[in-house]
Structure formats: structure tokens, C-alpha cells
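Okay, structure first, notes after.
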Amino acid sequence: MKKPMDVSLAIEKLLPAASYNGSLTANTETAYSCLRWKDERKKPTWEELQNAWALIEINKETEEERLVIEAKIQAEIRKIAIERLKEKGEIRVEYK
């Protein structure tokens, strides 16, 4: 199931430390349109926010995939190191 957009994170992605008043807890287009925009930079369109959110989600998936791969690499490195240390007699044969 796809996670709903976090509007404040999407704003932050486009305009770091943007200045506005209002509530975004509903994470809806209506809530966003009701914000009082105080930032000197142009208020992003809803479509721009959706695109920013898509990038956030892609980057998150990429990071999660990287972490899984890194864990697999670390497990393989550990296995190889244990095998080599056993061969050298530096650790007990029973060590796992």
C-alpha cells in the first residue's frame, strides 16, 4: 500500500525552511491551499509537491535497498573472515 504524501516534507524538499502558517496534518490539497504563504519564494503548485513526494519515495526505496544489500555484504564478509580465521587456527573450529 502506497504511503500518503507528507505535504510538509514535500515542501521542505522543494523549499527548505519555507515560511508559512496553517495546518498540514490532514496532508490534503485543501489543507495546502488554505496555508498562509509567508515565504518570499513562490508557493509550489500541488503538482510540484506531488513530484517532490515521488522523488522522496524513490530515494527512500533506494536507501532501503542499499541497506539490505549492505547487510548481505556484511554477512558474507563475516562468513569469509570466520572461515579464514579458523584456517589460521586463530579461532575455534566450532565458532559461528
Efficiency by 1/(1 + (r/R0)^6): what FRET value for residue 67 and residue 90, r their Cβ-Cβ distance, R0 = 25 Å, to the nearest 0.05?
0.25
Report the relative contact order of the chain, percent, no decimals, based on alpha-carbon pairs under 8 angstrom and at least 6 residues apart.
24
Among the lysines, which have Cα under 19 Å from the Cα of residue 86 when same-chain residues fewer than 8 positions away are ignored?
96
Given the convex hull over the Cα atoms of the chain, what projected area results after averaging over all orientations, in nm²?
9.8
How large is the helix-only mean residue ellipticity at 222 nm for the chain, computed as the sum of -39500 (n - 2.57) over DSSP H runs with n ≥ 4, divided by its residue count, in deg cm²/dmol to the nearest 500?
-20000 deg cm²/dmol
Pull out the extension gain between residue 60 and residue 33, defined as 0.36 nm times the separation in residues minus the alpha carbon to alpha carbon distance; nm, one decimal.
7.1 nm
Of the chain, which part is the longest with no GluC sites (Glu not before Pro) in a loop (DSSP not H, G, I, E, B) and with at most 11 other C-beta atoms within 10 angstrom?
41-89
Can you list the trypsin sites (Lys or Arg not before Pro) in the stretch 20-94 that are in a DSSP coil and have 13 or fewer other beta carbons within 10 angstrom?
38, 41, 42, 92
Which is farthest toward the positive dipole end of the chain among 62, 82, 17, measuring Cα position about the Cα centre, with Cβ charges +1 (Lys, Arg) and -1 (Asp, Glu)?
82
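Readers should treat all values here as calculations from the given coordinates under stated rules, not as data from a laboratory. Computed from a predicted model, the values in this text were never measured in an experiment. Reconstructed Cβ throughout: ideal geometry from the backbone, glycine too, with neighbour counts over all protein chains shown.
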